1. Quick test for you: out of 337, 404, pick the one residue that is at pLDDT below 85, assigned to a helix (DSSP H, G or I) and at negative phi.
2. Determine which single condition residue 54 fails, assuming it passes every other condition in (1) among the aliphatic types (A, V, I, L, M); (2) open to solvent by less than 20 Å² (accessible area, probe 1.4 Å); (3) more than 17 Å from residue 147 (Cβ to Cβ).
3. Could you list all residues from region 84-108 that are over 30 Å from residue 434 (Cα atoms) and either among the hydrophobic types (A, V, I, L, M, F, W, C) or modelled with pLDDT under 85 (or both)?
4. In region 482-489, is there at least one residue being of a type outside the set (S, T, N, Q), surrounded by 20 or more Cβ atoms within 10 Å (Cβ to Cβ) and either part of a helix (DSSP H, G or I) or touching a Cys at 6+ places or on another chain (Cβ under 6 Å) (or both)?
5. With the structure loaded, tell me whether residue 157 is free of Cβ contacts under 8 Å to residues at least 24 places away in the same chain, surrounded by fewer than 24 Cβ atoms within 10 Å (Cβ to Cβ) and either more than 17 Å from residue 236 (Cβ to Cβ) or among the β-branched types (Val, Ile, Thr) (or both) or whether it fails that test.
6. Against the conditions (1) aliphatic (A, V, I, L, M); (2) surrounded by 16 or more Cβ atoms within 10 Å (Cβ to Cβ); (3) modelled with pLDDT under 80; (4) part of a loop (DSSP other than H, G, I, E, B), where does residue 548 fall short? Just the number, please.
7. Return yes or no: is residue 294 surrounded by fewer than 24 Cβ atoms within 10 Å (Cβ to Cβ), modelled with pLDDT under 90 and part of a helix (DSSP H, G or I)?
8. If we scan region 167-177, do we find a residue that is in contact (Cβ under 8 Å) with a residue 12 or more places away in the chain and touching an Asp or Glu at 6+ places or on another chain (Cβ under 8 Å)?
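The values are calculated or read from the model by the stated rules, or taken from the named source; none is laboratory data. Keep in mind the model is a prediction, meaning the values are calculated, not measured. Positions of Cβ are backbone-derived with ideal geometry, glycine not excepted, and every protein chain shown enters the neighbour counts. When the accessible area is computed, the model is the full protein with side chains, heavy atoms only, and any ligands, DNA or RNA have been set aside. Shrake-Rupley method; radii C 1.70, N 1.55, O 1.52, S 1.80 Å.
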Amino acid sequence: MDARVVDQPPSGASAPGILTRERIVARAGFNRWLVPQAALAIHLCIGMSYGLSVFWLPLSRALSVGKPVPAACPDMSLLTALVTTRCDWRVSDLVLVFSIGIVMLGLSAALFGGWLERAGPRKAGLAASLCWSGGFLIGALGVYLHQLWLIWLGMGLIGGVGLGLGYISPVSTLVKWFPDRRGMATGMAIMGFGGGAMIGSPLADLLITRFKGPDSAGVWQTLAVMGAGYLVVMLCGAFGYRVPPAGWQPEGWTPPAARAGLITSGHVHLRDAHKTPQFWLLWAMLCLNVSAGIGVLALASPMLQEIFGGALIGRPEVGFGQLDPGQKAQVAAIAAGFVGLLSLFNILGRFFWATLSDRIGRKATYATFFALGCALYAAAPWAAGIGSQALFVLFFCVILSMYGGGFATIPAYLADVFGTQFVGAIHGRLLTAWSTAGVVGPLVVTAIRQAQVEAGVQGAALYGRTLLILAGFLAAGFVANLLVRPLGERWFMTAAERPAGSAAGDASGGAFGIGRGGLTPAAALAWAAVGLPIAWGVWITLAKALILFR
């Protein structure tokens, strides 16, 4: 097979459309190191879903900007809040946008994963771009008209579809481009999802400050500008996607002749993956890991403040409830630095743990997540009890690195167990575990905390029971990981069952002159385009986190 004619149509046939999978098959001379940047461009944009909270407080005073009294309606129902033009919105009603988006992420990834495999990553990336950026633009209109239902529709429902498609669009592509480094490849892309809020949140703050006026909170203008910017960046990513030709493999790399542990050389069809116990064990593992991590993220700021109180500002004898308003503001600023530090470790963990999994294996990596995480959750109340802020912060930084690492490692784990042919679609179905965890985790930790508060528990003991229950989640995940075994031969497709022209359809082949190049000028420019915004976000996050160590 000659890669120079991979996407040339037969004589007399019309050329494939610009969005078709056939059009983006790589030719000789293509550098595979240009694909991760395309994936990062999309993930850095949709990762702003973690940073949407920056809009809630300004929006809760959208009608009363510059006025001494809020336009509050204490007895307002949820249905009234959706259409009111006289009352300021409640933060609790606005926060539901995030919940809707996460639920739609799981549903859209599950529903459209099979279509993505057939249509190719470029078409899916385009759809993700239009939905995500369009959601911001519809949200801007909702803010301008003061219609909450439009914000739910745009940033929640439509944006959530873009979130799901954007999240899974690079997975199968990168796994097929980097069969020799599956974990590292998916870690690079999914690292971008964790970094999206690190860039988007301070950018939104800057824009809100720029557009804010005597009669405007500056939010609708910010949403419109960010929506337009996200459209441009995501389209660049979508049109940067390429897929390898059938039978392609990296030059000098030989696929293992037999299974190495869980790594298979076969491929499971999408219609069969969910019928296996391995799929549901992996689903449970992701759900439990995410439930524990997202529960901490939901309460990170109040947890640090309520446990350490005045000790954060050199007044260990003063509990959180006895702090005056000025002291509480100081403590809140330190807690914000803690949240920023957790976000940074969440991002770094996605690349570190996924890359490490290429060396020690996916099963061993997840065993580390669960065993070490369980120990750290159980030890955190002890660190709080002895008043060690440094140990407490260190424990949770490691925990959040493994939370992020779980997201980045699971696509490679799926490829090991089910093969690469339908890994993007299988990953999409597995992400329903994330949607479930997005509800279960915060619900469990907030319910337990509230019960402790009502029982009069304060200080270091307030979160002790919560952390032990989260440790139990991880202990259950450890057992589920132990039960994962290689699939039986009956689950794998025969050569006749594999889709024609699939990249996995030919076990033989070669590099075809594709994948060479490494850090060429084009690759360096592409890395700079995604790397500079990441570096800016890291700088801002570290600057905020330094307050923890003053």
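1. 337
2. Exception for residue 54: condition (2).
3. Within region 84-108, 87 is the sole residue that qualifies.
4. Among the residues of region 482-489, not one is of a type outside the set (S, T, N, Q), surrounded by 20 or more Cβ atoms within 10 Å (Cβ to Cβ) and either part of a helix (DSSP H, G or I) or touching a Cys at 6+ places or on another chain (Cβ under 6 Å) (or both), which makes the answer no.
5. It is false that residue 157 is free of Cβ contacts under 8 Å to residues at least 24 places away in the same chain, surrounded by fewer than 24 Cβ atoms within 10 Å (Cβ to Cβ) and either more than 17 Å from residue 236 (Cβ to Cβ) or among the β-branched types (Val, Ile, Thr) (or both).
6. (4)
7. Yes, satisfied.
8. yes
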